[in-house]
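Chemist: I'd like to ask you about the structure that follows.
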Amino acid sequence: MIRIDFGALFEFEQEDKGKKEENRNKISDFTALCEKFEATVIEQRDWNTRDLIHFVAVSPNVTLTMTVSEKYLSVQASQIREKFKTFRADYVSVPDRMAVSIEQPPADKLNLQEIVPCQNCGQKTPYDGYFQHCVHCGDKLNTLVKTCGVCDKGIMYHPSFGFCPVCGGELKPDFYGAPPLNELDPNGLIWGIPSREEDEGSAEPPGPGSNPGPAI
């Protein structure tokens, strides 16, 4: 499967007329290729920037992708919708998807298929340490990592964990000894990460950029 990406298109006609022409040419090429390969066109609204529309055209041999700012190119976005009768989806997986991190579902960034229940509305929302608010009601999420007060193994766990995987005790947010998850290295949070150095017994958690292995 070949992926052809036309990038993200914004248009500032008064500031850069050359950019306008470039964007129109990309849209024209995207449309022409969609017709040539008889592609099915799907649109996905961006997870973080709601103004952005990701158009994904799928055919047996080629996948075409293009991101359009609905704020600056609303007419062009509407024309694509009308021409190809686009399907709308929350998420579309395409080849080389990892290269487009802004489109990747947040929970997938940790390779941890976990979601966090919102304490306000009770609905579940994806969480990877960078999302700060519920996607359903907008309430602030609990972004603090958790620790176990029963076995005290010196391990910090992902905020979505409810019980300690070592002893089964209930996990509580660590308000004093641990920073929010977005300040830690997410690659070390498959199970949990040490909250202190083993050789010195310090209570200091590892700082950003460190890469401790999973707890055993």
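The values are calculated or read from the model by the stated rules, or taken from the named source; none is laboratory data. Please read these numbers as outputs of a predicted model, since none were measured by experiment. We place every Cβ from the backbone using ideal geometry, glycine too, and count neighbours over all the protein chains shown.
Chemist: If a residue has to be at pLDDT below 70 and not in a strand (DSSP E or B) to count, how many in segment 108-142 make the cut?
Modeler: Total satisfying the criteria: 12.
Chemist: OK, next. Which residues, counting only those in segment 10-48, are within 20 Å of Tyr91 (Cα to Cα) and modelled with pLDDT under 90?
Modeler: Passing the criteria: Asp46, Trp47, Asn48.
Let's see how each residue does on (1) surrounded by fewer than 18 Cβ atoms within 10 Å (Cβ to Cβ); (2) within 18 Å of Lys83 (Cα to Cα):
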site	(1), (2)
Asp5	yes, no
Lys26	yes, yes
Thr31	no, yes
Lys36	yes, yes
Asp46	yes, no
Asp51	yes, no
His54	no, yes
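Chemist: Then there is this: Would it be correct to say that Val68 is at pLDDT 60 or above and assigned by TED's automatic domain parsing to the domain that holds Gly162?
Modeler: Spelling it out, it is not the case that Val68 is at pLDDT 60 or above and assigned by TED's automatic domain parsing to the domain that holds Gly162.
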